[in-house]
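Below is one structure, written out as structure tokens; comments come after it.
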Amino acid sequence: MYDLFDTIISWLVLIFGVGAPLFIIFRAIGIKGFREITVYSKYNTFLYRTNPVIKIIMTITIMMVVTTSIWWIGAILTAAVLSLYITLENGKRKLYIGSLFIISTLVGSIWGYAPFVTFSTLNTVFPHFVPDVIWTWPSYFAVLGYQHTLTLQALEYSFQISFRSTAIMASALILVMTNTPTQILRTLHKFRVPDSIILSLMVAMRTVSFVLQYLDESIKIQMMRGLGSKHSKFLKPIFYFVAALQGLVPTIIHIMRGGKDTGISVDTRGFKATKKRSYVEENSIDHLDYYVLVVIVMLVIMDVTINIMGFGRVIPYN
Amino acid sequence: MTEVIELKNVKFTYLGSDEESLFIPEFSIKEGESVLVTGLSGSGKSTFIQCINGIIPHIIDGTFEGDVKIYGKNTREMQVPEISTVVGTLLQDPEKQVINYTVNEEVAFAPENFNIPREDMIKRIDAAISAVGIDHLRDKETIKLSGGELQRVALASVLTMDPKILILDEPTSNIDSEGTNQIFEFLRKEVRKRTLLIVEHKVERVLPFIDRVVVFDKGRILIDDKKENILNDVEMLEKLGIEIPENILLAKKLGLESFDIDGVMQSIHEKNVDLKTLVRDKGNDFSLRASGSVKYVSGFNLSFSLEFKSGTITAIVGKNGSGKSTMFKGMVGWMDDVHTAISNITLETPDQTIKENNIANRGRIVGYLPQSFDLMLINRTVKQELHYSNKVRGTNDMVSEINRIAELFTLNEYMNRDPLMLSQGQRRRVAMAATIAGGPRIIMLDEPTSGQDYYHKKNLGEEIGILKRAGFTIILISHDMRFVFKYADRIIVMDGGNAVADGTPEEIFEKSEVYGLRPPVEFTMRRGILNV
């Protein structure tokens, strides 16, 4: 028999790993908040004026730097990119939501990875690895694929690798928040991405806003009809998650019912009528874009330098 | 005049269907003609217009026979983009047509696709924007526009191609009365400048400026007649379930040759015909008192104090942005987001008072059916949908009540069907029944008439009538003044976040100009007769 205390703590730890990101996403950020950091809103600061091509190059460069350098470079870049949110429309709020989103990603990634890291991996990652066991799972947790113990090094390693994606996400969200889908896709057209793919992306980007709005409505209707009303307030995020899952099918069907009309509307306005397209707004490169390009070049130089100094994405990690 | 649209032996059967959806032996439209195309949902109207704009046979799969010629050229030999330079198409739901983020980008979409040089493009955009009167919206974001504004943006985008033929497929079904007026005003100006094909259920609004009426039934053209001769077809139209303005019905009944409203009223007065007076119920006991405010961060404030009685239907009307939907959402506790708005609305019933914004608690008192009612259909069968509220609330004492509700909404035969696979009317009945099955006796419906044809609106009116007689309190938002006049006992007019008028439909429409409402012909005639 397992000790009841161990079992309860183990399950609480497991639930924390799943529940904490859900709590952050559904309660602290909310669907409205999520919408705020995934759709464009009009404003006029340097990020809005920067050419989308430059912003795409910046995101790719950040991706390149964080995947080829030590973890704390990724952490610094995440903080640096997030701090730019303050310059956006309703900047403080966006910084707050963006930070919560990044924290939920970090918690989710750490808890989603740490219990599964094998000793052989940790042996490779950390020189002279001596496991600091902080928790021993009940043996039946092996069914979930968990290692027998959770070590401090597994948490450390998972924390470090989580930063591989956060800076890229923060940067990609800037692109989405500061450019209309049309501006982004016009850029993709210049990169010779096929028009059909561009149109699909364009409709998808515009639909994101509706999906979130309708999903929010569906969740609220379910709450109104009594979902979760018998249970404690603390379980509310779980019921929000259940409602979101249940609301997905009607939301998607509701949106898809109009898909035919979108297709007809696009086709009857000459989509793909000619191989070349003209544009009402020019996508020109100006002084500001050159400054951002300088920052991008500096990022690349920094990446090369830190790699030469031995801070590349090498093993061992520290 | 030249025939610009010609159809000969046209047959179309959708892929996977055994039934022919359209069969037109011969049909033509002359240049500059304005034609009203009407019929019930599923009668073949949309298939017909898709044959003209080339969507059939180029995009929609199926078996297509016969010939469709546009300005003498067979659509089989043209591609859709080529056809679209001659035939412009505006559809029902603006949200589904608009795909760009700003108005300018949306209006530029077609000329950009045709690779039109920038200077020429700007001229076309300016002309189109000016034609539909949306200069003030140029730099706005499309997601922030009202339905009426968005529909005019979609129309401007079509007009940039300067099509000689303009098809409008139920262009006002999903928009408010102000937007509807603007679209009809545009159409009135366009008569003779272009060939117009208007698919519309609001026959009363279109009749003044069209030349010809075409009625579809089961994929066939049943009536194709000049507007002036429509009196001969009244019986057939009634039989088909198509909305006929009351002045036309009375003109036919009185044997008049014209359905001009003044003429009909004069005749009614002379012949002493008694027009049916609509009874307005005053209701039984007070069922709900709702009061409080919603303060938006953006600055908009809503403040109201209203009392509702059981056994009544109350319609909330007003322009877009007047606070109608905010009031509903505040009442059901959906406005509790501190970043957007602060809601402080108290609900008081004879048994309890609710002040906190707890959605589930408010849901016990009031049932709310949003415009997109599909969003509440989360269960796999109609039966599960009706039992959902009781299951999640843990109240199993409602089983017999639910069976009664299923019977009331004639849902017994669909109980094991997937609700999302039912027809639009059936889905709405399921959503309404599921709302009531949760126990609330006060039902709020947000724009239930939007996008509905006459047949569905009539059914909806009958359904809410049944609920009213059963003692429910019905509160609905609508832009459809004919529906409101016919079924509501009371109208509340919202403006700038306040209830500015409250009275019977007769009292409100008497001052309709003050409130910016367009009274329905049924009211105009009754009022006119009193004043003759």
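Quick note: the coordinates plus some simple rules give every number you see, no bench work behind them. Every value quoted in this text rests on a predicted model; they were computed, and no experiment measured them. So basically every Cβ, Gly included, is an ideal-geometry build from the backbone, and we count neighbours across all protein chains shown.
Points to keep in mind about this one:
- Scaling against 2.2 N^0.38 Å puts the C-alpha radius of gyration of region A:181-277 at 1.50.
- Our note on the geometry: Cα centres of region B:162-231 and region B:277-345, 35 Å apart.
- Antiparallel bridges, percent of DSSP beta bridges restricted to chain B (to nearest 5): 60
- Under the Debye formula (equal points on every Cα, no solvent term), log10 I(q)/I(0) of the protein assembly as shown at q = 0.08 Å⁻¹: -0.84
- Partner chain coverage, peptide B:369-382 - average Cβ within 10 angstrom: 5
- Quotient of Cα Rg and 2.2 N^0.38 Å for chain B, N being how many residues it contains: 1.03
- Neighbour-count order for B:His58, B:His136, A:His287, fewest beta carbons within 10 angstrom listed first: A:His287, B:His136, B:His58
- Sum of -39500 (n - 2.57) over DSSP H runs of 4+, divided by residues of chain A (222 nm, nearest 500): -22000 deg cm²/dmol
- The mean number of partner chain beta-carbon atoms within 10 angstrom of a residue's beta-carbon across peptide B:52-62 is 2.
- Placing +1 on the Cβ of every Lys and Arg and -1 on the Cβ of every Asp and Glu, with no other charges, gives the protein assembly as shown a dipole of roughly 1380 debye about its Cα centre.
- For region B:48-183, the spread of Cα coordinates along the three principal axes comes to 45, 35, 21 Å, biggest extent given first.
- When the convex hull of its Cα atoms is projected in every direction, mean area for region A:7-179 (nm²): 11.0
- Candidates per GluC sites (Glu not before Pro) in region B:211-288, loop by DSSP, up to 13 other Cβ within 10 Å: B:Glu257
- Against the main long axis of the alpha-carbon atoms of chain B, helix B:399-408 sits at an angle near 30°.
- Exposure proxy order (Cβ contacts within 10 Å, fewest to most) of A:Arg192, B:Arg428: A:Arg192, B:Arg428
- Taking Cα atoms only, the orientation of helix B:454-469 departs from the longest principal axis of chain B by about 10 degrees.
- If you run the Gaussian network model on chain A, springs between alpha carbon atoms under 10 Å, then out of A:Thr136, A:Thr262, A:Thr251 the most flexible one is A:Thr262.
- Region A:135-214 and region A:1-33 have Cα centres lying 21 Å from one another.
- Potential lengthening of the chain between B:Ser146 and B:Ile122 amounts to 6.2 nm, from the contour at 0.36 nm per residue minus the alpha-carbon distance.
- Number of partner chain Cβ atoms within 10 Å, mean per residue of B:74-81: 3
- Separation in nanometres of the label points that stand 7 Å from Cα toward Cβ, at A:His128 and B:Ser293: 6.9
- Among A:Val304, A:Val266, A:Val292: highest mean-square fluctuation, GNM of chain A, C-alpha pairs under 10 Å: A:Val266
- Maximal additional length on extending the B:Leu306-B:Gln352 stretch stands at 14.9 nm, based on 0.36 nm per residue less the C-alpha distance.
- Global dimensions of region B:3-243 from alpha-carbon coordinates: Rg and Dmax equal 17.7, 54 Å.
- The order of A:Trp111, A:Trp11, going from fewest to most other C-beta atoms within 10 Å of their C-beta, is A:Trp11, A:Trp111.
- Short-range pairs are left out: with C-alpha atoms under 8 Å and at least six residues apart, the relative contact order of region B:286-518 is 28 percent.
- Computed label-point distance, nm, for sites B:Lys218 and B:Leu408 using a 7 Å Cα→Cβ extension: 3.6
- Relative contact order (percent, whole number), region B:182-306, Cα cutoff 8 Å, 6+ residue spacing: 12
- Here, P(r) means the percent of Cα pairs in each 5 Å bin from 0 to the largest distance; for region B:286-518 it is 1, 7, 14, 18, 20, 17, 12, 8, 3, 1, 0.
- Scaled against 2.2 N^0.38 Å for its residue count N, the alpha carbon radius of gyration of region A:135-244 is 1.64.
- Each of B:His58, B:Thr435, B:Val273 was placed along the dipole of the protein assembly as shown (beta-carbon charges, centred on the mean Cα), and the one lying farthest toward the positive end is B:Thr435.
- Fraction of antiparallel bridges per DSSP, the protein assembly as shown only, in percent to nearest 5: 60
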